[in-house]
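The values are calculated or read from the model by the stated rules, or taken from the named source; none is laboratory data. None of these values were measured; they are calculated from a predicted model. Positions of Cβ are backbone-derived with ideal geometry, glycine not excepted, and every protein chain shown enters the neighbour counts.
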There are 2 protein chains.
Amino acid sequence: MICQDMMVEGVHFDLDYFSAFDLGYKSLAVNLSDIAAMGALPHFAQVSLALPKKLNESWLDDFYKGMTSLADDFHMQVAGGDLATSPDRLVVDVSVHGSCENPLTRKGAKPGDLLLCSGPLGLSFTGMTALQKKLAGFDTAKERHLRPKPRLDLVSHLQKHHTRIHALMDCSDGLVNDALLLRPAGGGFHLFAENLPLHTESQSLAVDLHINPQDIVLWGGEDYELLMAIHPEDYEYFPGWKMIGQFTEDPRVFVTHADHHEEIKEFKGWKHFSN
Amino acid sequence: MICQDMMVEGVHFDLDYFSAFDLGYKSLAVNLSDIAAMGALPHFAQVSLALPKKLNESWLDDFYKGMTSLADDFHMQVAGGDLATSPDRLVVDVSVHGSCENPLTRKGAKPGDLLLCSGPLGLSFTGMTALQKKLAGFDTAKERHLRPKPRLDLVSHLQKHHTRIHALMDCSDGLVNDALLLRPAGGGFHLFAENLPLHTESQSLAVDLHINPQDIVLWGGEDYELLMAIHPEDYEYFPGWKMIGQFTEDPRVFVTHADHHEEIKEFKGWKHFSN
C-alpha cells in the first residue's frame, strides 16, 4: 500500500513556528499515521519539495534530518523524490510504502458498535493556537502539533486482534468529521460527553480563550490518534483505548451528557474556530 | 523503480496555454520518460495536486482525462494520491512505478563512445516560444511542448541490446546540459554540427526571431527524446537513432563543424534564452 499526503505552506503549516526539522518530521508522520490506520508497517518514503528561494541548503538539511529522525525509529529509508523550484510557497509531498497481512479499513462499523479512541483529541489544535497566539506553556500541545506521533506502536496489537476490528482510521480532520466517515451506512453516532479525551492543556486553553473545551475535542484536527469501531463485547481486548461513543441506526449525531442529548446539526471544517 | 517529478505553475508550465488535459498528459509523460530512460516499463502512477480555487471540478476531470489517456496507452493505472488546497499556484507531483530486467543508467560512457539521439531536439522549446509569443503555425512543436511522447516505444529494443548500451538518459534539460551528465568521468564531448537533429519548425522559428537555430538544439529542453552512449562498432544495432556526437578524454566540449571546432565554455540553463 502507498499513502501520499501533500502539505502546502499557509494551508497546512506556518513557517513562522515550524522549524525545518519539525516540518520534515511532521510531513513523514502524517503519512505514517495513514499506514498505522490500516494496521500496516512502513518500508520506505519518497519526498518531493517545491522549494522557494527563501529556504537555503541548511534549511533543507534540517528538513531531511527531521524526516530521517522519525524514519530511523521505524527502520525505514527516505528513498528519494524530486526537488523543484517554487517562486513563493513551500510545498511538501511525501509518499510512504507499507504493507501488512490483514489490511484494516474504514468500512465495516455496525449500529451498536463502540467508538474507541487511542488517545487525547484536540491537543494539536491547542498547540497550534498557542503557537499562533505566542502563548507561553502548552508544551505538550505544541509538541503534538509540530511532531505528531503516528500510532505505529499499536499495529502489532491491531494485527493480533484484526478480526475484532470492524473499522479503523486515524483522526486527522477532527473527531466529528472523522467519525462521520466511520459510521455505518445510513447510520449516525453518539459521543459520550463525559468520556471525551480532553487534555488538561486543552482545558487551560479553553479557559484562557473563553471557548467551550468540548469544541476543541469535537472539531480540533491533526491529532493522528486512531479511531476504531468494535462490538461492545470486544472492549476488553483493547485496554488503554477510550470508549468515546457508539454507532447507531439513527442517522443523527449526538453528544450524550449524563442528563441530556445535544444534537450536532452543523458540521464544521476543522479550522472553523481557528480565526 | 520509482520516478517522481514535481511541476510548479509559473516555473514548469503556464496555464495560459496549458489546458487541463494537456497538463495531465504532460505531468505523466515526463515521468514515463524517466522510466523509458532506464529501459523500463511502467506499472502505475500516483498523483498529488495542490489545487487553487481558480480551478474547478471540471478542470480536475479534464486533468485526469489527460493523464489516463496516456496511461491507457501503456495499460497502466493512475492509482491515487492526494488533493490539497493551494492559495494560489497549482503544483502537480506525479510518481510512476515501473520495472525491468536490465536497468540502464547514466553512468558508463567511455571516451570514444558515440552519442546517439532518438529524435529531434529543440522542438519543445520551439513550441513553448510559439505559444508564449502567440505565433500561428508551429503545430508539431506546440504539440511536442504540450504533450511530449515518452519513448517507451524504444524499450523492448533497448532491452534486447542492453549489453551494447554504455549509458542512457532522457534529454529534458537541453542537449549540452544532459550530455554533460552522460560524459565519462573527467571527459568531455564533441557534438557534430551537421548531424544535430534540428526540426524544420525550429529552423523557421530561428529565422522569425533572428536567433541561431543551433542554439535551439543545444539548449532547448523538455524534448524527452533519449540520449545514449555506445561503442562506435555497435551503431548498426540502433537504426533510426541519430549519431550526434562523440565522447572524449579531453574534458572540453566542442561543436564540430566541417571546417572548425567551436568550444562551448559557458554552460547555460535550459531557459537561458527564453526571455
Here are some residues: A:THR105, A:THR68, A:THR85, A:THR126. Which one is assigned by TED's automatic domain parsing to the domain that holds A:GLU194 and either at negative phi or in contact with a Cys (Cβ under 6 Å, 6 or more places away or on another chain) (or both)? A:THR126
Taking A:LEU123 and the conditions (1) crowded, with 22+ Cβ neighbours inside 10 Å; (2) within 14 Å of another protein chain (Cβ to nearest Cβ), which numbered condition does it fall short on, given that it satisfies the others? (2)
Looking only at segment A:241-259, decide whether some residue is within 20 Å of the chain's Cα centre (by Cα), modelled with pLDDT under 95 and within 22 Å of A:LYS149 (Cβ to Cβ). no
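Residue-by-condition table, conditions (1) in a helix (DSSP H, G or I); (2) of a type in the set (A, V, I, L, M); (3) not assigned by TED's automatic domain parsing to the domain that holds B:VAL253:
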position: B:MET169; (1), (2), (3): no, yes, no
position: B:HIS190; (1), (2), (3): no, no, no
position: B:PRO197; (1), (2), (3): no, no, no
position: B:SER202; (1), (2), (3): yes, no, no
position: B:ALA206; (1), (2), (3): yes, yes, no
Checking the conditions here, which among A:GLU262, A:GLU222 is in a loop (DSSP other than H, G, I, E, B) and either surrounded by 17 or more Cβ atoms within 10 Å (Cβ to Cβ) or in contact with a Phe, Trp or Tyr (Cβ under 9 Å, 6 or more places away or on another chain) (or both)? A:GLU222
Scan segment A:79-96 and give yes if some residue there is basic (Lys, Arg), within 14 Å of chain B (Cβ to nearest Cβ) and part of a loop (DSSP other than H, G, I, E, B), otherwise no. yes
Restricting attention to segment A:46-68, the residues that are surrounded by 14 or more Cβ atoms within 10 Å (Cβ to Cβ), of a type in the set (Ser, Thr, Tyr) and outside any strand (DSSP E or B) number exactly 2
Which of the following residues is surrounded by 24 or more Cβ atoms within 10 Å (Cβ to Cβ) and either over 19 Å from the mean Cα position of the chain (by Cα) or modelled with pLDDT of 95 or more (or both): B:ALA71, B:ALA36, B:ALA84, B:ALA20? B:ALA36
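Residues are listed down the side, and each one gets a yes or a no for (1) on the phi > 0 side of the Ramachandran plot; (2) free of Cβ contacts under 8 Å to residues at least 12 places away in the same chain; (3) touching a strand residue (DSSP E or B) at 6+ places or on another chain (Cβ under 6 Å):
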| residue | (1), (2), (3) |
| --- | --- |
| B:PHE189 | no, no, yes |
| B:GLN214 | no, no, no |
| B:TRP219 | no, no, no |
| B:GLU222 | yes, no, no |
| B:PRO239 | no, yes, no |
Residue check, B:LYS160 out of contact with any strand residue (DSSP E or B) (no Cβ under 7 Å at 6 or more places or on another chain) and free of Cβ contacts under 8 Å to residues at least 60 places away in the same chain: yes
Just to be sure I understand the filter: pairs with C-beta atoms under 6 Å, separated by 6 or more residues or on different chains, first member in segment B:40-62 and away from chain A (no Cβ under 14 Å), second member among the β-branched types (Val, Ile, Thr) and part of a strand (DSSP E or B). Which pairs pass? B:PRO42/B:VAL96
Residues of segment B:113-148 satisfying the condition of being in contact with a Phe, Trp or Tyr (Cβ under 7 Å, 6 or more places away or on another chain) and either more than 23 Å from B:TYR17 (Cα to Cα) or assigned to a loop (DSSP other than H, G, I, E, B) (or both): B:ASP113, B:LEU114, B:LEU115, B:LEU116, B:CYS117, B:SER118, B:ARG147, B:PRO148
Within segment A:173-219, tally of residues that are within 30 Å of A:GLU249 (Cα to Cα) and of a type in the set (Val, Ile, Thr): 3
Filter pass, B:GLU201 being touching a helix residue (DSSP H, G or I) at 6+ places or on another chain (Cβ under 9 Å) and not basic (Lys, Arg): yes
Only one of A:GLU101, A:GLU143 is at pLDDT below 95 and not aromatic (Phe, Trp, Tyr); which? A:GLU101
Would you say A:LYS271 is part of a loop (DSSP other than H, G, I, E, B), modelled with pLDDT under 95 and within 16 Å of A:PHE189 (Cβ to Cβ)? no
Could you grab me the full set of residues in segment B:212-240 that are within 18 Å of the chain's Cα centre (by Cα) and either within 13 Å of B:CYS117 (Cα to Cα) or outside the structural domain of B:SER172 (by TED's automatic domain parsing) (or both)? B:VAL217, B:LEU218, B:ASP223, B:TYR224, B:GLU225, B:LEU226, B:LEU227, B:MET228, B:ALA229, B:GLY240
Tell me yes or no: at least one residue of segment B:248-259 is surrounded by fewer than 19 Cβ atoms within 10 Å (Cβ to Cβ), in contact (Cβ under 8 Å) with a residue 60 or more places away in the chain and under 13 Å from B:LEU115 (Cα atoms). yes
Tally time: how many residues in segment B:9-21 are of a type outside the set (Ser, Thr, Tyr), more than 16 Å from B:ASP173 (Cα to Cα) and not in a helix (DSSP H, G or I)? 6
Please determine, by comparing only the residues of segment B:1-11 that are facing chain A (nearest Cβ under 7 Å) and not hydrophobic (A, V, I, L, M, F, W, C), which one is nearest to A:PHE44 (Cα to Cα). B:GLN4
